[in-house]
Amino acid sequence: MNKSDKGFLTAYKLRQDLGIDPSKCINLNDVAEKLTIRVKRKDLGAGIEGACKSSGVKRLVVLNPNPSSPQKERFTFSHEIGHLLIHQSSYICTEDFFHTYKTQNDEEQEANDFAAELLLPRSAILDILTQKDLTFRLIEHVAVKYCTSLSVAAIRLIQTFNDSAALIWHNGQRLLWKVKSDHCSLKISDVISPMALAHKTDDSKWDIKGNVDPLCWIDNEVDNLICEEETHYFTKIKKYLTILKFYEDD
Ligand SMILES: [Zn+2]
């Protein structure tokens, strides 16, 4: 097993073993019960979203009783199940580990990969992407169907997208984080160009879509490249989610 695939493969195998339908939202309480994992909700201190304890055959997951959303709690819950199955040890997990689901800590990354695959299996995403275009609407649809946050759905869709694409979270001026599809080798700029369509959104126009000059979003000039931008503006928090799809013009 490749180290970096450990989380995904463990979740994949668990779904297979438990016979969970990939086209439906997973019930995590059922999963915990089948694995004889006890679940408790208890305040663990500021910034701590979840913890788990493994001692012999006894296994426990502890969740923050006041999560910022039920979707966030589901991710933490899955992440802790991941630790118990992959690492068979005890962990205390702070919010930083979950941020964009990327962390430098290998064990935390594996637990995040496990959570992503358990909540949103790759096979289901592949199926969806063969039928529907990758748009903000699709991200919303997948997030609702699988009870995940928008960011988990967006990241899974981009990672699985079978062409060159990128997902960018920004504040209109600078990039805050990005995820690229496996097929995207372009270098995404850290600075948001004034020519980007993102600047045409406002409190009354939340979503905008169209072709833009690829240099609005990437640092290197590539011949015959078409860039399709869709930006969704979150008015309350004044942040932007941009989906970029790149095609070669032939
Ligand atoms: Zn963790």
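Nothing in this text is a laboratory measurement; each read-out follows from the coordinates by a stated rule. Quantities reported herein were computed from a predicted structural model and do not represent experimental measurements. Counting neighbours? That spans all protein chains shown, and the Cβs are built from the backbone with ideal geometry, glycine included.
Numbers at a glance
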quantity	calculated
Helix-only mean residue ellipticity at 222 nm for the chain, each DSSP H run of n ≥ 4 adding -39500 (n - 2.57), per residue, nearest 500	-9500 deg cm²/dmol
Length-normalised contact order of segment 1-159 in % [C-alpha pairs under 8 Å, at least 6 apart]	27 percent
Calculated Rg and Dmax of segment 164-250 using C-alpha coordinates, Å	12.2, 41
Full-extension gain in nm, residue 34 to residue 202, via 0.36 nm per residue minus C-alpha separation	55.7 nm
Cα-based helix-to-principal-axis angle, 122-131 vs the chain, degrees rounded to 10	30 degrees
Segment 103-212, relative contact order [Cα under 8 Å, separation at least 6], %	16 percent
Ranking of 169, 217 by count of other Cβ atoms within 10 Å, fewest first	169, 217
Simple Cβ-charge dipole of the chain, Lys/Arg +1 and Asp/Glu -1, about Cα centre, in debye nearest 20	1280 debye
Inter-label distance, nm, simple model (7 Å from Cα along the C-beta direction), residue 185/residue 250	1.7 nm
Shape call, segment 3-122: gyration tensor on alpha carbons, a/c limit 1.5	rounded
Proportion of all alpha-carbon pairs of the chain beyond 35 Å (%)	19 percent
Degrees, to the nearest 10: 6-18 long Cα axis against longest axis of the chain	60 degrees
Relative packing of peptides 58-66, 206-214, 104-112 - highest average C-beta neighbours within 10 Å first	104-112, 58-66, 206-214
Projected area, mean over directions - segment 117-202, Cα convex hull, nm²	6.1 nm²
Virtual spin-label span in nm between residue 43 and residue 105, 7 Å along Cα→Cβ	2.2 nm
Proximal lysines relative to residue 145, as straight alpha-carbon distance under 25 Å, when same-chain residues fewer than 8 apart are discounted	13, 24, 34, 72, 102, 132, 178, 180, 209, 236, 239, 245
Segment 164-250 - percent relative contact order, Cα under 8 Å, separation 6 or more	32 percent
The chain: most fluctuating residue of 123, 181, 149 per GNM, C-alpha cutoff 10 Å	123
Relative frequency of Cα-Cα separations exceeding 15 Å in segment 58-117, percent	43 percent
Sparse-neighbour loop sites [trypsin sites (Lys or Arg not before Pro); segment 2-44; at most 14 other C-beta within 10 Å; DSSP]	24, 42
